[in-house]
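To start, the structure itself, in structure tokens.
The values are calculated or read from the model by the stated rules, or taken from the named source; none is laboratory data. Since this is a predicted model, take the numbers as computed values, not measurements. When we count neighbours, we look across all protein chains shown, and the Cβ atoms used for this are built from the backbone with ideal geometry, even at glycine.
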Amino acid sequence: MVDRVIARLRIKDKNYEIFVDCDKAMEIRQGKSQDAQSALMVDKVFKDIKKGEVAGNLEKQFGTDDINKIALEIIRKGEVQVSTAYREKQLTLLKNRIIDSVASMAIDMNTNLPIPRQRIEIAMQQVHHNFDINKPEKEEEAAVLEQLKKILPIRMGEFSYRLTVPLQYSNEAMVYLKRLASIKSNTRNDDALLVTFSVKAGSESELLNKIKSATHGNAVFEKT
């Protein structure tokens, strides 16, 4: 279902209003799209949408009578209503991104093991944080983390390793290291690939298991 809202640009004492698809208009506002044609829902510019009054002298004001170019300017420079449906969707996406980010580096201080995503998600429900899509995401994440620390023995961090892999498995190992870890150094001798790396807590288990599988158990890991 299309989420129709109003975009409005006020120039001096005049309003220029259009009907737009909320999602597509916000993509334009965020610099993700320039497709005003798909965002525009009615090929008219109004001076008062509620009264159905169409605006005149558009070329004089905007330097063009191209409705799509005018719509793009109104969306970019004016105000776009944010619907309840759009706000709720963005809040859900924000919550999931923050859960993923926290879970990727969350370590249980009692066990020094990664904290599972599900445990983070349950804890976030318990702290009842009021998310705000208009605040910087890093600021929201920091606020959530402070609240989580009140009910979880949580710290954020990574694990550092030294890895030795027989040369015949080195290419496969590097594929996973490049995708899941931050490589600090890697050297090769006649027999093996030697790598030092750090890995986020949430990715540790996946990385170690994939390298063990790729090397048929012939990799040697040392925590540093």
For the stretch 49-74, name all the residues that are more than 34 Å from the chain's Cα centre (by Cα) and closer than 17 Å to ARG4 by Cβ.
-> ILE49, LYS50, GLY52
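Let me confirm something: among ILE115, ILE75, which residue is within 30 Å of LEU177 (Cα to Cα) and not basic (Lys, Arg)? Please lay out each step first, then the result.
Numbers: ILE75 fails: within 30 Å of LEU177 (Cα to Cα).
Answer to the selection: ILE115.
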Would you check if there is a residue in the stretch 114-121 being under 30 Å from VAL82 (Cβ atoms) and surrounded by fewer than 18 Cβ atoms within 10 Å (Cβ to Cβ)?
-> yes
Do we find a residue being surrounded by 17 or more Cβ atoms within 10 Å (Cβ to Cβ), of a type in the set (Gly, Ala, Ser) and out of contact with any strand residue (DSSP E or B) (no Cβ under 7 Å at 6 or more places or on another chain) anywhere in the stretch 90-104?
-> yes
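Of the residues that make up the stretch 182-196, is at least one in contact with an Asp or Glu (Cβ under 8 Å, 6 or more places away or on another chain), under 22 Å from VAL102 (Cα atoms) and not β-branched (Val, Ile, Thr)? Show your work before the answer.
First, pick out the residues of the stretch 182-196 that are in contact with an Asp or Glu (Cβ under 8 Å, 6 or more places away or on another chain): 182.
Then keep just the ones that are under 22 Å from VAL102 (Cα atoms); that gives 182.
From what is left, the residues that are not β-branched (Val, Ile, Thr) are 182.
For the stretch 182-196, residues in contact with an Asp or Glu (Cβ under 8 Å, 6 or more places away or on another chain), under 22 Å from VAL102 (Cα atoms) and not β-branched (Val, Ile, Thr): present.
Taking the stated definitions as given, is MET174 crowded, with 16+ Cβ neighbours inside 10 Å and not assigned by TED's automatic domain parsing to the domain that holds VAL20? I'd like the intermediate steps shown before the answer.
Details: crowded, with 16+ Cβ neighbours inside 10 Å: yes; not assigned by TED's automatic domain parsing to the domain that holds VAL20: yes.
The answer is yes for MET174.
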Test ALA71 against the criterion of being over 22 Å from ASN134 (Cα atoms), out of contact with any Pro (no Cβ under 7 Å at 6 or more places or on another chain) and touching a residue at least 40 places away in the same chain (Cβ under 8 Å), and give yes or no.
-> yes
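Inside the stretch 101-136, can you point out the residues that are among the charged types (D, E, K, R) and more than 10 Å from LEU152 (Cβ to Cβ)?
In the first step, residues of the stretch 101-136 are kept if they are among the charged types (D, E, K, R); the result is 108, 117, 119, 121, 132, 135.
Residues satisfying the conditions are ARG117, GLU121, ASP132, LYS135.
Collect the residues in the stretch 16-64 that are in a helix (DSSP H, G or I), under 24 Å from THR84 (Cα atoms) and of a type in the set (A, V, I, L, M, F, W, C), keeping them in residue-number order.
Initially, the stretch 16-64 is screened for residues in a helix (DSSP H, G or I), giving 22-29, 36-39, 58-62.
Retained after the next criterion (residues that are under 24 Å from THR84 (Cα atoms)): 22-29, 36-39.
Scanning the stretch 16-64 gives CYS22, ALA25, MET26, ILE28, ALA36, ALA39.
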